[in-house]
Amino acid sequence: MKNYFIEKGILIDDNQVNLFNQYKDLLKEYNEKFNITAITDDEEIVKKHFVDSAIGAKYVKGKLIDIGSGGGFPAIPIKIINPDIEVTMLEATEKKCMFLNVVIEKLGLTGITVLNGRAEELAKNIKYREAFDTCTARAVARLNTLSEYCLPFVKKGGSFVALKGDAEEEVKESLNAFSILGGKLKDKINYNLFESKRCIVIVDKIKNTPEKYPRGRGKERKSPL
Ligand code: SAM
């Protein structure tokens, strides 16, 4: 396991290896009941879920919210890599939230919580709106839709960090959405994750998001900005 992380420049100690191993076992144990991931092979879990998510940790600072965490990606690997980060995972499916709470408990993680709900609804709640330094998301929606889910959670001065595949087209079609929502493209970091092409898109929050966003009622997906 350690070598896959080292290959990508990430050093992990024995305690972190142990946490990742426990997490892998829980993913496999609960996958049938909870339908968490299509990836079930040990090596693939490490490469495609753990290392991919851990690469995102470099771009996260302060208080983090992860949207559509599913089985915990990228939030839980980020927490294992950087235990000082305060993490909130927002997930729409209740049974996945139950799984996330099992992982938190069994791994003994602290400073990490789960919210069961939809981003477009919780972003309207004053407790969460513009309350985070970083918002991450992986494999949730196209970037223009995702921006409307994520940027409302980010404070001015913070950033939205999207973990994507080849994102050239998506970035181009999202520039308008970034600007409407108070964001500005900062960087696109392309990298090879073993055999796949990946890209981390970083959008800085430079202005407050106008109150009417996210629009809700499925508009983020049906008619992206
Ligand atoms: N981020 C994880 C990963 O990379 O493996 C899970 C990806 S899974 C394909 C997408 C997840 O996003 C699902 O668990 C789904 O329930 C959740 N989701 C989709 N739309 C959402 C929304 N609007 N608010 C909250 N969760 C959402």
Once the in-chain neighbours fewer than 8 apart are removed, the aspartates and glutamates whose Cα is under 12 Å from K127 read none
Regression test value, accessible area per residue of the chain, probe 1.4 Å, units Å², expected 46
In whole angstrom, the spacing between the Cα centers of segment 46-61 and segment 105-123 equals 18
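About the Cα centre, and with charges only on the beta carbon of Lys, Arg (+1) and Asp, Glu (-1), how big is the dipole of segment 125-164? Nearest 20 debye, please. Kindly include the intermediate steps, with their values, before the conclusion.
On the way: 7 positive and 3 negative charges, 10 e Å.
Dipole of segment 125-164, to the nearest 20 debye: 40 debye.
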Carbon and sulfur atoms account, in whole percent of the 1.4 Å probe accessible area of the chain, for 47
Listed by chain and number, the aspartates and glutamates with an alpha carbon less than 14 angstrom from that of K63, same-chain partners under 8 positions apart left out, are D84, E86, E130, D133
Out of L175, L64, L163, a Gaussian network model of the chain with alpha-carbon springs under 10 Å gives the largest mean-square fluctuation to L175
With DSSP loop assignment and no more than 15 other C-beta atoms within 10 Å, the GluC sites (Glu not before Pro) in segment 85-177 are E86
What the 10 Å binned alpha carbon P(r) of segment 2-222 shows, as percent of pairs per bin from 0, is 8, 36, 37, 17, 2
Note on the chain: contact order normalised by length, alpha-carbon pairs under 8 Å, 6 or more apart, percent, works out to 16
Over all directions, segment 26-155 yields a Cα convex hull whose mean projected area in nm² is 7.3
For K106, the aspartates and glutamates lying under 15 Å Cα to Cα, once residues fewer than eight places off in the same chain are dropped, come out as D25, E29
To the nearest 20 debye, segment 2-222 has a Cα-centred charge dipole, built from +1 on Lys and Arg Cβ and -1 on Asp and Glu Cβ, of 1000
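The values are calculated or read from the model by the stated rules, or taken from the named source; none is laboratory data. Bear in mind that the values here come from a model prediction, so they are computed numbers and not experimental data. Using ideal geometry, Cβ is built from the backbone for each residue, glycine included, and neighbour counts are taken over all protein chains shown. For the accessible areas, the whole protein counts, side chains as well, though only heavy atoms, and no ligand, DNA or RNA atoms are used. Shrake-Rupley method; radii C 1.70, N 1.55, O 1.52, S 1.80 Å.
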